[in-house]
Amino acid sequence: CGGGGAGAAGGSQGDGKITMGFSQVGAESGWRTANTKSVQDAAKSAGIELQFSDAQQKQENQLKAIRSFIQQKVDVIAFSPVVETGWDAVLLEAKRAGIPVILTDRAIDSDDTSLYATFLGSDFVEEGRKAGKWLVDNTQGAVNVVELQGTTGAAPAIDRKEGFEEVIAARPDIKVVATQSGDFTRAGGKQVMEAFLKSTPDIDVVYAHNDDMGLGAIEAIKAAGKKPGVDIKIITVDAVKDGMQALANGEINFIVECNPLLGDQLMDLAKKVVAGQEVPKRVVTEETTFTPEQAKAALPERQY
Ligand code: AHR
């Protein structure tokens, strides 16, 4: 068995084919579904044998999956960590077994950067900044914002909050009056927004860390007899089809893109890492933002 690692040719099955163990976060959002499809399609086209495992948003499931990949002696492990902390022990086990690890989409919080070969994914802090900049540029006077956070402890939740707060700090009249996790799901966004509408008077803006929570918030806002996008403005992150449709319809006001199509880049990196070639420690995905007019123009071509 070629256990991977620097210099190994790859091929835990002895046929030269690379085997990748991939531990996915779950199926919590439209973004995640598109990301899973991208990884599976790209593995197929690259001729990489994919062992795919869905963690259902639970770190314990990811730890189990990674340990099972190590036991199976896969050539490379890729995973999208559900939360940032708590990975050192299992990644040390992978390192000792000579199996390189690629972080995709989400980062880990660890001082030991030798535990992974590279990290491929978005700059979530920058995404938060873009959301904040739109708000600063498109509002005047006092603005009450409610924030629907992603999964507690997840890199995109931590970073999108940070980037947004950094930019709105320039406008002390913009206040985040309530903030809570909706776990990146539509149901979570709806439930938290219902509670906000009851507990928090005068909500001007919803900042949702992803489209799905924003779409859930739209349902809650409509049920409360208000007009999403008009009575309450909505900013989200992702730009998946349903979000873009709501943006084109005027129910969302601005979307910051987060690109889920990481599959091809991931397979390229995996081949290089297994072959012992140098790869950059950080690969940042290119992303844009969308206004309603831009969403209308982009929708017909949108892949996900
Ligand atoms: O890690 C990326 C985030 O995870 C997406 O923005 C969100 O929709 C998903 O659940």
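The values are calculated or read from the model by the stated rules, or taken from the named source; none is laboratory data. Quick caveat, the model's predicted, so the values are computed rather than measured. Using ideal geometry, Cβ is built from the backbone for each residue, glycine included, and neighbour counts are taken over all protein chains shown. Accessible surface areas use protein heavy atoms only, side chains included; no ligands, DNA or RNA. Shrake-Rupley method; radii C 1.70, N 1.55, O 1.52, S 1.80 Å.
What the table shows:
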| item | result |
| --- | --- |
| Signed unit charges on C-beta, dipole axis of the chain, positive-most listed residue G250, V279, P300 | P300 |
| GNM result for the chain, Cα springs below 10 Å: residue of F184, F119, F196 fluctuating most strongly | F196 |
| Computed FRET value (nearest 0.05) for K227 with K296, which takes r as the C-beta separation and R₀ as 22 Å | 0.70 |
| Local net charge near V25, Cβ-Cβ under 9 Å (Lys/Arg +1, Asp/Glu -1) | -1 |
| Charge dipole (segment 130-173, unit charges on Cβ, about Cα centre) - positive-most of V146, I158, W134 | W134 |
| Student exercise, the chain dipole from Lys, Arg, Asp, Glu Cβ charges, in Debye to nearest 20 | 480 debye |
| 0 to 90° range, to nearest 10: angle between helix 263-274 axis and the chain longest Cα axis | 30 degrees |
| Accessible area of segment 152-304 divided out per residue, in Å², using a probe of 1.4 angstrom | 44 Å² |
| Candidates E286, E251, E219: whichever shows maximal mean-square fluctuation once the chain is modelled as a Gaussian network with Cα springs under 10 Å | E286 |
| Highest to lowest packing among 130-140, 271-281, scored as the average C-beta count within 10 Å | 130-140, 271-281 |
| The chain - percent of accessible surface contributed by carbon and sulfur, probe 1.4 Å | 48 percent |
| Potential extension, A187-T285 segment - 0.36 nm per residue separation minus Cα distance | 32.5 nm |
| Karplus-derived 3J(HN,Hα), 6.51/-1.76/1.60, for each residue of segment 57-66, Hz, glycine and proline x | 6, 10, 4, 4, 5, 5, 4, 4, 4, 5 |
| Whole-Å distance, taken between Cα centres, linking segment 261-304 and segment 160-201 | 28 Å |
| Bridge type composition, the chain - antiparallel percent by DSSP, nearest 5 | 5 percent |
| Listed residue (T113, I70, I18) projecting farthest to the positive dipole end of segment 1-158, Cβ model | I18 |
| Calculated FRET value between R67 and Q140, using beta carbons and R₀ = 51 Å, to 0.05 | 0.40 |
| Packing-based order for 157-164, 288-295, using average beta carbon neighbours within 10 Å, highest first | 157-164, 288-295 |
| Within-14-Å neighbourhood charge of E60 [Cβ basis; K, R +1; D, E -1] | +2 |
